[in-house]
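> A single structure is presented below for examination.
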Amino acid sequence: MQNTPKGMRLQIGVFGARNAGKSSLLNRLAGQQISIVSDVAGTTTDPIEKAMELQPVGPVLLIDTAGLDDEGTLGEMRVEKSRKVLERTDLALIVSGTGSWNSLEKNLAEQFSALKIPFIAVFNKSDCCLPEESLLQQFDAQKIPVVSVSALTATKVSWIGRKTTGQKKIDKQGATRLPVSFYPSNSPVEGLSAA
């Protein structure tokens, strides 16, 4: 499976705000430092790719993106490059580093839903902040997969692969795709309030 061409891998885009821990999460999933990590907002400037095996899913291409809340002229260029990753994303990880679901995450969920791109809500930094139970219940009611992880301590990071288990299939061209049953049945944010 290590020789699987990039186009044949499930392409997983990692999206969210600056300093949500997207790069740390990618590094933890890959088991090596692929992306530069720092406390400075806007460290990731260009999408960073890592072809790997994600157990138990199989061959994937993880794509780290810049924070979609970046500011300024340079920030707008970073955001534009990150948005281009949407065009080839098979599955999105929407990463929140605050334990809440703010307008940025809500807007991403709406975009992915409109584009019929399945997503998993990933609450990173569970070592310091957890989502409220009421928010988790709202996701459950919408059948949106959720996982709370800590890229810092590696807590439950492997659960991301488990959330996609059994969700992929191979289409006639041999490309990995997710079945329609994986997509949320309703708007992913219907009834969800941005914190």
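> With respect to the numbered conditions (1) crowded, with 21+ Cβ neighbours inside 10 Å; (2) farther than 22 Å from W101 by Cα, which one is the sole condition not fulfilled by P5?
The single condition P5 does not satisfy is (1).
> Separate question: crowded, with 18+ Cβ neighbours inside 10 Å, within 15 Å of the chain's Cα centre (by Cα) and either free of Cβ contacts under 8 Å to residues at least 12 places away in the same chain or within 19 Å of R9 (Cβ to Cβ) (or both) - does that describe any residue in the stretch 121-143?
No, the stretch 121-143 contains no residue that is crowded, with 18+ Cβ neighbours inside 10 Å, within 15 Å of the chain's Cα centre (by Cα) and either free of Cβ contacts under 8 Å to residues at least 12 places away in the same chain or within 19 Å of R9 (Cβ to Cβ) (or both).
> Which residues, counting only those in the stretch 69-106, are surrounded by fewer than 20 Cβ atoms within 10 Å (Cβ to Cβ), among the aliphatic types (A, V, I, L, M) and within 20 Å of E49 (Cα to Cα)? Full working, then the answer.
First pass over the stretch 69-106, keeping only residues surrounded by fewer than 20 Cβ atoms within 10 Å (Cβ to Cβ): 69, 71-77, 79-81, 83-88, 90, 98-100, 102-104, 106.
Narrowing further to those that are among the aliphatic types (A, V, I, L, M): 74, 77, 79, 85-86, 104.
Hits for the stretch 69-106 are M77, V79, V85, L86.
> When you scan the stretch 69-89, do you find a residue that is farther than 25 Å from S113 by Cα and either touching a residue at least 40 places away in the same chain (Cβ under 8 Å) or touching a Leu at 6+ places or on another chain (Cβ under 6 Å) (or both), even just one?
no
> Another one. Would the stretch 22-33 turn up any residue that is in contact (Cβ under 8 Å) with a residue 24 or more places away in the chain, in a loop (DSSP other than H, G, I, E, B) and over 15 Å from K81 (Cβ atoms)?
As a first pass, look at the stretch 22-33 and keep what is in contact (Cβ under 8 Å) with a residue 24 or more places away in the chain: 22-30.
Then drop every residue that is not in a loop (DSSP other than H, G, I, E, B), which leaves none.
No: the stretch 22-33 contains no residue that is in contact (Cβ under 8 Å) with a residue 24 or more places away in the chain, in a loop (DSSP other than H, G, I, E, B) and over 15 Å from K81 (Cβ atoms).
> To continue, here is another question. Select from the stretch 95-120 the residues that are without any contact (Cβ under 8 Å) to a residue 12 or more places away in the chain and aliphatic (A, V, I, L, M) and list them in ascending order. Give the derivation first.
So the first thing to find is which residues in the stretch 95-120 are without any contact (Cβ under 8 Å) to a residue 12 or more places away in the chain, and the list is 107, 114.
If the condition is that a residue be without any contact (Cβ under 8 Å) to a residue 12 or more places away in the chain and aliphatic (A, V, I, L, M), then A114 is the only one that fits.
> Considering each residue of the stretch 98-120, count those that are within 18 Å of A20 (Cβ to Cβ), β-branched (V, I, T) and modelled with pLDDT of 90 or more, and give that number.
Total meeting the criteria: 1.
> Of a type in the set (A, V, I, L, M, F, W, C), buried (at least 17 other Cβ atoms within 10 Å of the Cβ) and closer than 25 Å to E132 by Cα - does that describe any residue in the stretch 53-66? Even if it seems obvious, please write down each step before you answer.
Looking only at the stretch 53-66, we keep the residues that are of a type in the set (A, V, I, L, M, F, W, C), and these are 54, 57, 60-63, 66.
Of the ones still in play, those that are also buried (at least 17 other Cβ atoms within 10 Å of the Cβ) are 54, 57, 60-63, 66.
Now restrict to residues that are closer than 25 Å to E132 by Cα: none.
Looking through the stretch 53-66, none of the residues is of a type in the set (A, V, I, L, M, F, W, C), buried (at least 17 other Cβ atoms within 10 Å of the Cβ) and closer than 25 Å to E132 by Cα.
The values are calculated or read from the model by the stated rules, or taken from the named source; none is laboratory data. Because the structure is a prediction, the values reported are computed rather than measured. With ideal geometry, Cβ positions are generated from the backbone for all residues, glycine too; neighbour counts draw on all protein chains shown.
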